[in-house]
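Colleague: Below is a structure I'd like to ask you about.
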Amino acid sequence: SVALSADGTRALSGSSDNTVRLWDLGTGKTTRALKGHAHYVFSVALSADGTRALSGSSDNTVRLWDLGTGKTIHTLEGHTDTVWSVALSADGTRVLSGSSDTTARLWDLGTGKTIRTLKGHSGIIWSVALSADGTRALSGSSDNTVRLWDL
């Protein structure tokens, strides 16, 4: 997975070497390698202000990173299988994650706790998205459905 900064100068990537990498698009060089996941990183997102990153992994966790220090701010635990997709709310306060455990989870980044577990899919959730106002979520699954959730 990859993500582009709002100003178009940096990119974020997730990798099979268990890292999240921040790239300078002007030079093409890695400016920071974020280490902490125990398995592949399948999904990444950047905060609107470019100061934080989000990652989902086959270690069943979601991590919130401080891009200034390279340190983990929160490790979000609750999924019981691979996290395939992550999305960060526009205001940077909440996260949505989708997993092979067939659930999507809405997280509070202030506490690092699950706000709500969205159940209804019967297959892997490959992709998730949050509306700009944070009132709705979308999830796409291997069960051949897309679900719209009122949050």
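The values are calculated or read from the model by the stated rules, or taken from the named source; none is laboratory data. All values reported here derive from a predicted model rather than from experimental measurement. In this analysis, Cβ positions are derived from the backbone assuming ideal geometry, glycine residues included, and neighbour counts consider all displayed protein chains. Side chains included, ligands, DNA and RNA excluded: accessible areas come from the protein's heavy atoms. Shrake-Rupley method; radii C 1.70, N 1.55, O 1.52, S 1.80 Å.
Colleague: Can you name the condition, by its number, that V83 falls short on among (1) under 22 Å from L151 (Cα atoms); (2) open to solvent by 10 Å² or more (accessible area, probe 1.4 Å)?
Modeller: (2)
Colleague: Go through the stretch 124-139 and count every residue that is without any contact (Cβ under 8 Å) to a residue 24 or more places away in the chain and either assigned to a strand (DSSP E or B) or loosely packed, with under 13 Cβ neighbours inside 10 Å (or both).
Modeller: So the count comes out to 3.
Colleague: So how many residues does the stretch 25-55 have that are part of a strand (DSSP E or B), open to solvent by 50 Å² or more (accessible area, probe 1.4 Å) and under 17 Å from G68 (Cα atoms)?
Modeller: 6
Colleague: In the stretch 1-49, how many are closer than 26 Å to S100 by Cα and of a type in the set (V, I, T)?
Modeller: Qualifying residue count for the region: 5.
Colleague: Within the stretch 80-123, take every residue that is hydrophobic (A, V, I, L, M, F, W, C) and not in a strand (DSSP E or B) and give me the one that is nearest to S1 (Cα to Cα).
Modeller: A90
Colleague: Since V2 meets every condition but one in (1) among the aliphatic types (A, V, I, L, M); (2) open to solvent by less than 40 Å² (accessible area, probe 1.4 Å); (3) under 26 Å from T114 (Cα atoms), which condition does it not meet?
Modeller: The single condition V2 does not satisfy is (2).
Colleague: Let me ask another. Search the stretch 140-151 for residues being outside any strand (DSSP E or B) and open to solvent by less than 90 Å² (accessible area, probe 1.4 Å), and hand back the single one that is modelled with the lowest pLDDT.
Modeller: The extreme case among them is L151.
Colleague: Among the residues of the stretch 1-16, write down those that are without any contact (Cβ under 8 Å) to a residue 40 or more places away in the chain and either assigned to a strand (DSSP E or B) or out of contact with any Phe, Trp or Tyr (no Cβ under 6 Å at 6 or more places or on another chain) (or both).
Modeller: Once the filter is applied, which keeps residues that are without any contact (Cβ under 8 Å) to a residue 40 or more places away in the chain and either assigned to a strand (DSSP E or B) or out of contact with any Phe, Trp or Tyr (no Cβ under 6 Å at 6 or more places or on another chain) (or both), the stretch 1-16 yields G8, T9, A11, S13, S15.
Colleague: How many residues are crowded, with 22+ Cβ neighbours inside 10 Å and farther than 13 Å from S55 by Cα if we restrict to the stretch 94-106?
Modeller: Going through the stretch 94-106 one residue at a time, the tally reaches 2.
Colleague: In addition: Being on the phi < 0 side of the Ramachandran plot, buried (at least 21 other Cβ atoms within 10 Å of the Cβ), touching a Phe, Trp or Tyr at 6+ places or on another chain (Cβ under 8 Å) and of a type in the set (G, A, S), is that true of even one residue in the stretch 86-93?
Modeller: No, every residue in the stretch 86-93 fails to be on the phi < 0 side of the Ramachandran plot, buried (at least 21 other Cβ atoms within 10 Å of the Cβ), touching a Phe, Trp or Tyr at 6+ places or on another chain (Cβ under 8 Å) and of a type in the set (G, A, S).
Colleague: Within the stretch 40-57, is even one residue closer than 23 Å to D7 by Cα, touching a strand residue (DSSP E or B) at 6+ places or on another chain (Cβ under 7 Å), among the β-branched types (V, I, T) and touching a residue at least 24 places away in the same chain (Cβ under 8 Å)?
Modeller: So far as the stretch 40-57 goes, yes, one or more of its residues are closer than 23 Å to D7 by Cα, touching a strand residue (DSSP E or B) at 6+ places or on another chain (Cβ under 7 Å), among the β-branched types (V, I, T) and touching a residue at least 24 places away in the same chain (Cβ under 8 Å).
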